[in-house]
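Below you'll find the structure, written out as structure tokens, and then a few comments.
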Amino acid sequence: MELLLIGLSRFARRRVLPAAASMPEITTVDIASRHATPDDVAGIPKPGRLHGDWRGALRSRAPGLAYVSLVNSEHALAVREALGQGWHVVVDKPALSSLRVAAEMVELARSSSLVLAEATCYSFHPMFPVVRESAADATKAVAVFTPPVPAADFRHDRGRGGGALLDTGPYLASLGRVLWGLEPEEVGVMVADRTADGLDLSYSALLRYAEGRTVVGHFGFTNTYRNALQLLGRHEVVDVERPFSMPPEQETTVTIRRDGEERVHRIPPADSMRLFLDRVVDAAYSGSREFDAPLLGDARTLDRLIRAANGD
């Protein structure tokens, strides 16, 4: 399968291109970018063509897998065009601008037997089976994710789909699904920091699920870097470091404290993006619809988080 990367973001350079390079199923990588030059893409493995226009790139070659890594406000346009041209599509989180658009795009993908997947790939890391097994009785989760975002980044620009809720909200929206297979019954959000024009820069949230389960989280751009998850049960505490963006070359640990004893599970290095893309390619060949429900469920929860933050 050939890959067309639409947008040459920092994330795509750092995670998508290395993952694609390691996959024998991906034979060639074309890049569509308004700003990239031949020097910018020199040395990229499995090089194909450099396109200045992603629409032209989609129409000029036989469909394969398109990975959309544009600014958030442009996702829907690129996804609609790619599906309409017969491409399987992966799109950076947040996948689409609204729940209505997400539902429309999933239906378009389903009707055309195409894969549409949101790249919320953290849950594909092998730490998470260990987390779920170790915290099977845990009913409380406390999550903190405060990645640094430069002031010039589009995430500080409302017109391009910026804001902490859109950028980090998909992690929070998906966490109950990843841990327990559940969507929340209630959500509450308090925006802690805003720009002068009202763009959210950090927020705290409480999500309540069935069976007394809750997620408490603080996410945003305004605090020092922290990336951690703690699960609490009646007799146990499970600590997870860097759950949302574990570097592929780094070993990690899951620490379980139960009834006064401590056990540490060491998780070998793994590339969650590679593991995620492997599943996407498998779904494209097999016809699996496994990515529809996660995309729609997470879109519903993110929509509720945004409405709660706005007081709706």
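Laboratory data are not the source of any read-out in this text; all were calculated from the coordinates shown. Since we're looking at a predicted model, the values are computed, not measured. All Cβ positions, glycine included, derive from the backbone under ideal geometry; neighbour counts span all protein chains shown.
Remarks
- From helices alone, the chain scores -9000 deg cm²/dmol at 222 nm; the rule is -39500 (n - 2.57) for each run of n ≥ 4 DSSP H residues, then divide by the residue total.
- Amide H to amide H, with H built 1.01 Å from N, THR214 comes under 5 Å of LYS140, ALA141, TYR209, counting only residues 5 or more places away or on other chains.
- Bridge orientation summary for the range 142-220: considering DSSP beta bridges with both residues in this region, about 80 percent are antiparallel.
- Working from label points 7 Å from Cα in the Cα-to-Cβ sense, the ALA196 to THR222 distance is 1.6 nm.
- Sequentially through the range 9-16, phi angles give Karplus couplings (6.51, -1.76, 1.60; θ = phi - 60°) of 6, 4, 4, 4, 4, 7, 10, 6 Hz, Gly and Pro residues having no value and appearing as x.
- Range in the chain, longest, excluding exposed trypsin sites (Lys or Arg not before Pro) [loop by DSSP; at most 15 other beta-carbon atoms within 10 Å]: 35-225
- Cβ-derived FRET efficiency at R0 25 Å, SER111 paired with GLU25, nearest 0.05: 0.50
- For the range 122-270, relative contact order (Cα pairs under 8 Å, six or more residues apart, normalised by length) works out to 29 percent.
- ³J(HN,Hα) computed for each position of the range 46-58 - Karplus, 6.51 cos²θ - 1.76 cosθ + 1.60, integer Hz, glycine/proline x: 6, x, x, 8, 9, 10, x, 9, 6, 5, x, 5, 4
- Over all other residues within a Cβ to Cβ distance under 13 Å of PRO148, the charged ones net out to +1, with Lys and Arg as +1 and Asp and Glu as -1.
- Under a Gaussian network description of the chain, with springs only between Cα atoms under 10 Å, the residue in GLY48, GLY260, GLY64 that fluctuates furthest is GLY260.
- Of the chymotrypsin sites (Phe, Trp or Tyr not before Pro) in the range 174-266, those whose Cβ has at most 11 other Cβ within 10 Å and which sit in DSSP loop: TYR225
- Computed from label points 7 Å out along Cα-Cβ, the spacing between ARG289 and ALA42 is 4.9 nm.
- Farthest positive-ward along the chain dipole, Cα basis, beta-carbon charges - from PHE154, ALA21, SER60: SER60
- Phi angles across the range 130-147 convert, under the Karplus curve 6.51 cos²θ - 1.76 cosθ + 1.60 with θ = phi - 60°, into 3J(HN,Hα) values of 5, 4, 5, 5, 5, 10, 4, 9, 6, 10, 10, 10, 10, 10, 9, 9, 10, x Hz, Gly and Pro given as x.
- Helix 99-111 axis versus longest C-alpha principal axis of the chain: approximately 60°, rounded to the nearest ten.
- Looking at the chain alone, DSSP beta bridges between its own residues are antiparallel in about 60 percent of cases.
- Distance between the 7 Å Cα→Cβ label points at SER60 and THR214: 5.5 nm.
- Within the shell of other residues whose beta carbon sits under 13 angstrom from the beta carbon of GLU107, the net charge comes to +2, with Lys and Arg scored +1 and Asp and Glu -1.
- Of the GluC sites (Glu not before Pro) found in the range 206-312, those that fall in a DSSP loop while having at most 14 other beta-carbon atoms within 10 Å are GLU249, GLU251, GLU290.
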